[in-house]
Amino acid sequence: MSGLPIVLNTAKYEVELPISKKKVEYRPYLVKEEKQLMLAIESQDPGMIMKTVQDIIDACTFGEIKSKTLPTAELELLFLKLRSKSVGETSKIGYKCGHCGESNELIVNLEEVQIDIGESKSNKVMITDKVGVKLKYPTADEVTRIVNDGEKTDVNNIFALITSCIESIFDEENIYDAKTLEKKEITAFVESLNSKQFEKIKEFFEAIPKLRKDVSFDCQKCGKHNDLVLEGLQNFFG
């Protein structure tokens, strides 16, 4: 007796990642992958949700990329593209009116959501005339790992994230690769900076590209106008 027919998913799409400038082919995710995502969301475990999102992206991009290495904004954009082609191009979101507090349902076109590059800063930051650091954008994996560390405060989270995003420290004669340094050495270097020097590093992170969309609505109860800026993956789903 022959088995059940196999339905092949042959649809393929392409997106250019605006930060890395790499073109990536992808397919819609399957029902089994959507089930895994629903179970992860049901768990309310940020670590499990992030791992599931990464696994789905890896599977749906045919091994072309490693999601753990993607800057957060590119990972979020890729997932929105997958969701759009798999479930639908729109998402219903509930937002409260800023004037009366009434919840309003908005319909957001996910295909219109883009990464706001803005005025990105150079990843090479000169601390003094002779000493500088080379930085990288944080990955969603790094952010999740740091936030999930219950021992840390918000201040420590910020310092931990900055430390993890230092690729190298250099002066006129040497380049010190962060991979060859102990974590405590890099932390000591960051903590030795004065406020003005540290501000130079913070400017790079404040200008990190973000997933963003401007939306507006008139409240269904009071009729007043609301303008919203949606940023980050969690703001695009109800």
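The values are calculated or read from the model by the stated rules, or taken from the named source; none is laboratory data. Since we're looking at a predicted model, the values are computed, not measured. FYI the Cβ positions are ideal-geometry reconstructions off the backbone, even for glycines, and counts take in every protein chain you see. We work out accessible area using only protein heavy atoms, side chains counted, and drop any ligands, DNA or RNA first. Shrake-Rupley method; radii C 1.70, N 1.55, O 1.52, S 1.80 Å.
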- Of residues in the stretch 53-68 being of a type outside the set (D, E) and outside any helix (DSSP H, G or I), the one nearest to K85 (Cα to Cα): T61
- Look at the stretch 104-123 and say how many of its residues are more than 19 Å from L70 (Cβ to Cβ) and either assigned to a loop (DSSP other than H, G, I, E, B) or at pLDDT below 95 (or both). 10
- Would you be able to tell me the number of residues in the stretch 188-225 that are under 27 Å from K81 (Cα atoms) and either touching a Phe, Trp or Tyr at 6+ places or on another chain (Cβ under 6 Å) or in a loop (DSSP other than H, G, I, E, B) (or both)? 3
- Message: Against the definition (assigned to a helix (DSSP H, G or I), modelled with pLDDT of 90 or more and either farther than 24 Å from L230 by Cα or open to solvent by 40 Å² or more (accessible area, probe 1.4 Å) (or both)), how does M38 come out, yes or no?
- Response: yes
- Scan the stretch 192-203 and give yes if some residue there is farther than 29 Å from Q44 by Cα, of a type in the set (F, W, Y) and in contact with a strand residue (DSSP E or B) (Cβ under 6 Å, 6 or more places away or on another chain), otherwise no. no
- If we keep just the residues of the stretch 169-187 that are closer than 18 Å to I201 by Cβ, assigned to a helix (DSSP H, G or I) and not charged (D, E, K, R), which is most open to solvent (accessible area, probe 1.4 Å)? T187
- Message: What's the number of the only condition in (1) open to solvent by 10 Å² or more (accessible area, probe 1.4 Å); (2) in a helix (DSSP H, G or I) that G94 fails to meet?
- Response: (2)
- Message: Condition check: over 22 Å from the mean Cα position of the chain (by Cα), open to solvent by less than 50 Å² (accessible area, probe 1.4 Å) and either of a type outside the set (F, W, Y) or under 30 Å from K96 (Cα atoms) (or both). Does V215 satisfy that?
- Response: no
- Message: So K21 ticks every box in (1) at positive phi; (2) crowded, with 20+ Cβ neighbours inside 10 Å but one. Which box is left unticked?
- Response: (2)
- Kindly check whether there is at least one residue in the stretch 70-87 that is of a type outside the set (G, A, S), open to solvent by 40 Å² or more (accessible area, probe 1.4 Å) and farther than 22 Å from N235 by Cα. no
- Message: Going through V143, V147 one at a time, which residue ends up being at pLDDT below 90, closer than 28 Å to L30 by Cβ and open to solvent by 40 Å² or more (accessible area, probe 1.4 Å)?
- Response: V143
